[in-house]
1. Please go through segment 21-31 and give me each residue that is touching a residue at least 24 places away in the same chain (Cβ under 8 Å), within 18 Å of Glu118 (Cβ to Cβ) and in a loop (DSSP other than H, G, I, E, B), ordered by number.
2. Name the single residue, out of those in segment 182-232 being at pLDDT 65 or above and acidic (Asp, Glu), that is least open to solvent (accessible area, probe 1.4 Å).
3. Just name the residue that is most open to solvent (accessible area, probe 1.4 Å) out of those in segment 95-124 that are on the phi > 0 side of the Ramachandran plot and out of contact with any strand residue (DSSP E or B) (no Cβ under 7 Å at 6 or more places or on another chain).
4. Given (1) of a type in the set (Ser, Thr, Tyr); (2) open to solvent by 50 Å² or more (accessible area, probe 1.4 Å); (3) more than 29 Å from Thr197 (Cβ to Cβ), identify the lone condition not met by Ser56.
5. Identify the single condition in (1) in a strand (DSSP E or B); (2) under 23 Å from Ser123 (Cα atoms); (3) open to solvent by 20 Å² or more (accessible area, probe 1.4 Å) that Phe15 does not satisfy, given that it satisfies every other one.
6. Given the residues Val133, Val111, Val100, Val128, which is the only one that is at pLDDT 95 or above and part of a helix (DSSP H, G or I)?
7. Could you check segment 88-115 and list, in sequence order, the residues that are more than 16 Å from Glu19 (Cα to Cα) and of a type outside the set (D, E, K, R)?
8. State whether one or more residues within segment 163-178 are in contact with a Leu (Cβ under 6 Å, 6 or more places away or on another chain) and modelled with pLDDT of 95 or more.
Amino acid sequence: MEMEICSQQQACTVFFDLETTGLGPSCDIVQLAAVCGDHTLNLFMVPRCPIQPGASRVTGFRVRKHRLFLQSRPVLTNSLRESLVSFITFLRMLGCPLLVGHNIRRFDCHVLARALDEFNLRSDFQKVISGFVDTLPLARQLLKDSGLQSFKQENLVKNLLGVSYAAHNALEDVQALQKLYRAMRPTANQIEQHTFTLDSLAVAAVNKAAGGSSGEGSLSDRFKTALNITEE
């Protein structure tokens, strides 16, 4: 049962992003950042599994002697549970906001949901948000006649805002996305069309996996297909 107890018409907008140890279904969160106007949250965690070399090259995160480093500088960390509780508190203070991110439907939301479930925090989390919006399909709809070949966030920011930024740092990503979202100016109807919840996402993933269960491939392969992880 979905827990949409907030009014979307009154919801403010929070932009969020995760950096992880990789793109696999068992990856761990390394950074969680969120921004709403001038309000920001930026949390780091020492992952419980190794950071994949490719992810480390892209994000600059490395773990040495159980300490997390970003671009060779140590950062203060919290446990995953502490970070999730802080995220929930941040969202509660903002009055049941709408959570917005880029490509979150295919990746970030699945990682976030798994972490929330691990600590039995999903119910608490869903009580303080009004839903999610993924700006990737939203941008494809709004900019379908723009001639853009790539809808990666970094490319959208460069083309629409005329600037470059430090992509793949979650805080930099959400700050850039907030500006991009304002520039795209989606209508209320367009936002509503692209709004979803963790519950609806889980149902869609299960149905997609079940639809392909008669084909070839391992259970792990079908799970990865259900997540539909992409780098876009």
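The values are calculated or read from the model by the stated rules, or taken from the named source; none is laboratory data. All figures in this text were calculated on a predicted structure; none of them were measured in a lab. Positions of Cβ are generated from backbone atoms using ideal geometry, with glycine treated the same way; all protein chains shown enter the neighbour counts. Ligands, DNA and RNA are stripped out before the accessible areas are found, and what is left, the full protein with its side chains, is counted by its heavy atoms. Shrake-Rupley method; radii C 1.70, N 1.55, O 1.52, S 1.80 Å.
1. Step one: filter segment 21-31 for residues touching a residue at least 24 places away in the same chain (Cβ under 8 Å), giving 21-25, 27-31.
Narrowing the set further to residues that are within 18 Å of Glu118 (Cβ to Cβ) leaves 21-22, 24-25, 27-31.
Thr21, Gly22, Gly24, Pro25, Cys27, Asp28 - these are the residues of segment 21-31 that are touching a residue at least 24 places away in the same chain (Cβ under 8 Å), within 18 Å of Glu118 (Cβ to Cβ) and in a loop (DSSP other than H, G, I, E, B).
2. So in segment 182-232, the residues at pLDDT 65 or above come out as 182-211.
Now drop any that are not acidic (Asp, Glu), which leaves 192, 199.
Details: Glu192: 119, Asp199: 30 Å².
That would be Asp199.
3. If we filter segment 95-124 for residues that are on the phi > 0 side of the Ramachandran plot, which is where we start, we get 95-96, 103, 120.
Filter once more, so that each one left must be out of contact with any strand residue (DSSP E or B) (no Cβ under 7 Å at 6 or more places or on another chain): 95-96, 120.
On the way: Gly95: 47, Cys96: 23, Asn120: 131 Å².
Filtering segment 95-124 for residues that are on the phi > 0 side of the Ramachandran plot and out of contact with any strand residue (DSSP E or B) (no Cβ under 7 Å at 6 or more places or on another chain), the one most open to solvent (accessible area, probe 1.4 Å) comes out as Asn120.
4. The one condition Ser56 does not meet is (2).
5. (3)
6. Values: Val133 fails: part of a helix (DSSP H, G or I); Val100 fails: part of a helix (DSSP H, G or I); Val128 fails: part of a helix (DSSP H, G or I).
Answer to the check: Val111.
7. From segment 88-115, those more than 16 Å from Glu19 (Cα to Cα) are 88-99; that's our starting set.
Across segment 88-115, the qualifying residues are Ile88, Thr89, Phe90, Leu91, Met93, Leu94, Gly95, Cys96, Pro97, Leu98, Leu99.
8. So the first thing to find is which residues in segment 163-178 are in contact with a Leu (Cβ under 6 Å, 6 or more places away or on another chain), and the list is none.
Within segment 163-178, not a single residue is in contact with a Leu (Cβ under 6 Å, 6 or more places away or on another chain) and modelled with pLDDT of 95 or more.
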